[in-house]
Structure formats: structure tokens, C-alpha cells
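Visitor: The structure that follows is given in the form of C-alpha cells.
The values are calculated or read from the model by the stated rules, or taken from the named source; none is laboratory data. Keep in mind that this is a model prediction, so the values were computed, not measured. All Cβ positions, glycine included, derive from the backbone under ideal geometry; neighbour counts span all protein chains shown. Note: areas computed on protein heavy atoms with side chains; ligands, DNA, RNA excluded. Shrake-Rupley method; radii C 1.70, N 1.55, O 1.52, S 1.80 Å.
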Amino acid sequence: MKHLLSIDDLGRDGIEDVCDLAESFLEVTQREIPKVPALRGKTVASVFYEDSTRTRLSFETAAKRLSADTMTFSVSTSSVKKGESLRDTVQTIEAMGVDAMVVRHPSAGAPHRVASWVDAAVVNAGDGRHEHPTQALLDVFTIRRHRGPDLDGARVAIVGDVRRSRVARSDALALAALGAEVTLVGPPTMLPESLAGWAATAASDLDEVLEGLDVIYLLRIQHERRDAAYFPSLREYTTRYGLTVERAARLAPETLVMHPGPMNRGVEIAPEVAEGPCSVITEQVANGVAIRMAVLYSILGSGTLMSGAGGSGIGGPGTGGSEGLETGAPDV
Ligand code: NCD
């Protein structure tokens with residue numbers, strides 16, 4: 001795998017391989033010293049043209065836990081403000097010696113363009129309304145950790161502003177690849193104009209699909225991508241599509257409640273539900289670091305694992321950090 005631009009780059013086997021690898025890295029993140037030398041000498045740059053809390057920090061934490069060097073580019077403090085183009089910017093960053101760029105951009109397709117301009121590996125960290133593949137990977141990883149690795153026939157509802165959501169697109173692709181049955185739920189103005197390419201069905205009455213769900217995935221209302229009034233008011237939205245305490249009470253006790261964050265509490269999800277026993281929202285964040293370690297390792301790590309003298313590895317369980325790992329046999 002050279003780049004990760006879309007979930008389609010992986011397919012079912014690729015998704016399962018990344019999840020299996022993430023299991024080992026999750027164990028690393030739980031060690032007393034949660035760090036291994038697997039990507040020592042590599043440099044990962046995060047190139048973010050949009051605001052982000054969890055995705056940027058998650059990638060940077062993942063890179064650091066693999067002992068890679070990290071570089072951070074934020075558009076708000078960069079020469080983009082002086083009119084520098086995307087191409088000039090990424091080629092400038094690459095000239096400093098970068099092995100991978102983690103790219104977030106408000107335009108769909110921007111990471112694909114970057115991949116055609118630089119030799120570094122490119123990971124899509126969210127491009128406009130298009131895709132957010134590592135979010136989908138951490139989401140299926142989280143579901144697998146609760147249900148077991150077989151997602152065939154799992155019933156998942158993705159609720160809200162599906163049309164404007166890159167998370168919905170990548171999640172639906174990943175879940176469908178693993179055999180899950182995905183229903184997109186929202187008012188017609190928030191559902192895709194066509195279901196072509198979605199591998200999902202659509203519904204506009206949330207109350208009709210609640211029963212028998214294995215996962216309910218709430219999406220954030222995309223205020224910043226709102227190009228028309230698509231529902232009368234937030235209150236109206238919550239009444240029909242919010243996961244209120246009353247609706248949550250109708251879910252089976254083992255249904256997982258998920259949200260990619262950032263949440264609009266009280267709009268798409270009630271605060272009590274976000275913190276309730278079915279919610280795995282903070283687990284999603286923790287799992288995100290392990291998944292991004294697995295992605296960065298899959299892209300940059302080949303040849304460094306098991307490389308003997310001066311080589312590196314992730315170490316066996318309980319090895320307790322980077323010390324003494326160089327000659328240890330890795331467990332992946
Ligand atoms: C999502 C994003 O930026 O696409 N957040 C995230 O990466 N966890 C979802 C969103 O902003 O609604």
C-alpha cells in the first residue's frame with residue numbers, strides 16, 4: 001500500500017488486515033511506555049487545510065508512538081495566507097524530507113492531487129464531502145472489538161447529514177465491504193441524491209429502523225457545509241432524527257451508539273446518551289490512535305520490521321517501550 005486515499009484502496013482483506021494489525025498496536029498504546037521504534041528515522045507531516053482536533057492529534061500521536069518524527073502544517077499560520085498554491089506548499093514540505101503526508105482539505109480530491117505531485121506517501125485525513133478512510137477504519141475496528149471480527153449481516157444505521165458527510169461515505173463503503181447491512185437515515189434533503197455507489201438503503205423515518213439495530217451512528221450536522229436550508233430548525237431536526245433519551249430507550253441493550261465527533265450535544269445526540277452505557281464514542285477516539293499506527297506502519301514500515309542489526313519492531317507483549325526492542329522478535 002503506497003497511499004490511503006479511499007476505503008476502496010483496501011477492499012475487504014485490506015480492511016481486515018489493518019484492523020488485525022491495529023489490535024497489536026492497541027496493546028502497545030496500553031503499555032506503561034506506549035512507544036515502539038518501528039518507524040524510527042521516518043518523518044510524517046500533517047498538512048491540514050481545515051480545523052481539526054482529534055484527527056490531527058490522533059495521527060501525530062500515532063506517528064510519535066511509532067518513533068517517527070512529526071511536522072505540523074496549519075494553514076492559518078502558513079504562507080497559504082500569502083497566496084501559495086497547494087502544489088507549491090506540499091512540494092516545499094516534501095523538500096524538507098518527508099516520508100508521509102497526512103492531508104486534510106476542504107476540497108474533495110485534494111489528497112489525490114497531492115499524491116500525484118509528491119513522492120511521499122499520502123494519507124487522506126478527510127477531503128471535503130468525499131472520504132475519511134481512517135475514520136471508517138477506526139469505526140469498523142471499534143465495532144469488531146465489540147461484536148467479534150465477523151460483521152456479516154450486522155445492521156447499522158447512519159443517521160443525519162449523510163449527503164454532506166465524508167464519514168458516512170467512507171463508513172458505508174467499509175461496512176458494506178465487510179458484509180454489514182447499512183441504512184442511511186435522514187430527511188430527503190440530507191440523503192444522497194442517488195444511492196449509486198453507496199451499497200446501502202435509505203430511510204427517512206428513524207423510529208422505523210431503531211428496532212434490531214446493532215449500531216446506530218450519529219453524524220454531526222455540517223453547519224460549515226450547509227448550502228441551503230435543509231430542515232426548518234435544529235429543534236425540528238432533534239425531534240425527528242436526534243438520538244434522544246426516549247429513542248435510546250427503544251434500542252436493544254447491546255446496540256452500540258457511535259459518533260465521529262465533534263458532537264453537537266442536544267442536537268444529533270442527547271448528552272445523557274453520549275455518556276450512557278451503550279456509547280462507545282470515547283473508545284472510538286482511543287482506537288483511532290491504534291488504527292492510525294497500523295495505517296502509517298502499513299505504508300512506511302515495510303522492510304523495517306525484523307531488519308536485524310539496527311532494525312526495529314513493535315516488540316512482544318509487555319516489552320515495555322522502546323528500550324531493548326531492537327533485537328526482540330516483533331509479534332506482527
Ligand atoms: C469528522 C470530520 O472532520 O470529517 N470528524 C472527525 O474527523 N472525527 C466528522 C465531522 O466533522 O463531522
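Visitor: Summing +1 for each Lys or Arg and -1 for each Asp or Glu, what net charge is found among the other residues whose Cβ lies under 9 Å from the Cβ of Pro262?
Guide: In short, +2.
Visitor: Over the chain, what is the mean sequence separation of C-alpha contacts under 8 Å (at least six apart), divided by residue count, expressed as relative contact order in percent?
Guide: Relative contact order for the chain comes out at 22 percent.
Visitor: What accessible area per residue, rounded to a whole number of Å², is obtained for region 133-283 using a probe radius of 1.4 Å? All intermediate terms of the calculation are to be shown ahead of the outcome.
Guide: Details: 6090 Å² over 151 residues.
For region 133-283, the solvent-accessible area averages 40 Å² per residue.
Visitor: Choose one answer from Gly148, Gly179, Gly14: the residue with the largest mean-square fluctuation in a GNM of the chain with alpha-carbon springs under 10 Å.
Guide: Result: Gly148 has the largest fluctuation of those listed.
Visitor: For the chain, what does the helix formula give at 222 nm: sum of -39500 (n - 2.57) over DSSP H segments with n ≥ 4, over the residue count, nearest 500 deg cm²/dmol?
Guide: Dividing the helical sum by the residues of the chain leaves -10500 deg cm²/dmol.
Visitor: Okay, moving on. When only Cα pairs under 8 Å and 6 or more residues apart are kept, what is the percent relative contact order across region 87-149?
Guide: 29 percent
Visitor: Also, I was wondering about something else. Taking all protein chains in place and a 1.4 Å probe, what share, in percent, of the accessible surface of the chain do carbon and sulfur account for?
Guide: 49 percent
Visitor: Give, rounded to the nearest 20 debye, the magnitude of the charge dipole that region 58-127 has about its Cα centre when Lys and Arg contribute +1 at Cβ and Asp and Glu contribute -1 at Cβ.
Guide: Working: 7 positive and 8 negative charges, 45 e Å.
Its charge dipole is roughly 220 debye.
Visitor: Next up: Just the number please: accessible area per residue for region 1-127, 1.4 Å probe, all protein chains included, in Å².
Guide: Each residue of region 1-127 exposes 44 Å² on average to a 1.4 Å probe.
Visitor: Quick one: dipole size for the chain, taken about the Cα centre, charges +1 on Lys/Arg Cβ and -1 on Asp/Glu Cβ, in debye to the nearest 20.
Guide: 900 debye
Visitor: What does DSSP give for the chain in terms of the percent of beta bridges that are antiparallel, rounded to the nearest 5? Mind dumping the intermediate values first?
Guide: On the way: 1 of 37 bridges.
Just about 5 percent of them are antiparallel.
Visitor: For the Cα atoms of the chain, what angle does the longest principal axis make with the long axis of helix 54-65, in degrees from 0 to 90, nearest 10?
Guide: 30 degrees
Visitor: Using +1 at the C-beta of Lys and Arg and -1 at the C-beta of Asp and Glu, which of Gly148, Val44, Leu21 has the Cα lying farthest in the positive direction of the dipole of the chain?
Guide: With unit charges placed on the Cβ atoms, the residue in question is Val44.
Visitor: Quick one: net charge around Val90, please, counting Lys, Arg +1 and Asp, Glu -1 for every other residue with C-beta under 14 Å from its C-beta.
Guide: Here the charged neighbours net out to -3.
Visitor: To continue, here is another question. Normalised by the number of residues in region 181-282, what is the relative contact order in percent for Cα pairs under 8 Å and 6+ residues apart?
Guide: Once normalised by length, the contact order is 28 percent.
Visitor: Starting from the 7 Å offset along Cα-to-Cβ, what nm value, one decimal, do you get for the label separation of Ile33 and Met96?
Guide: Inter-label distance under the simple model: 2.8 nm.
Visitor: If you add up the charges near Leu251, with Lys and Arg at +1 and Asp and Glu at -1, over every other residue whose beta carbon is less than 14 angstrom from its beta carbon, what do you get?
Guide: -4
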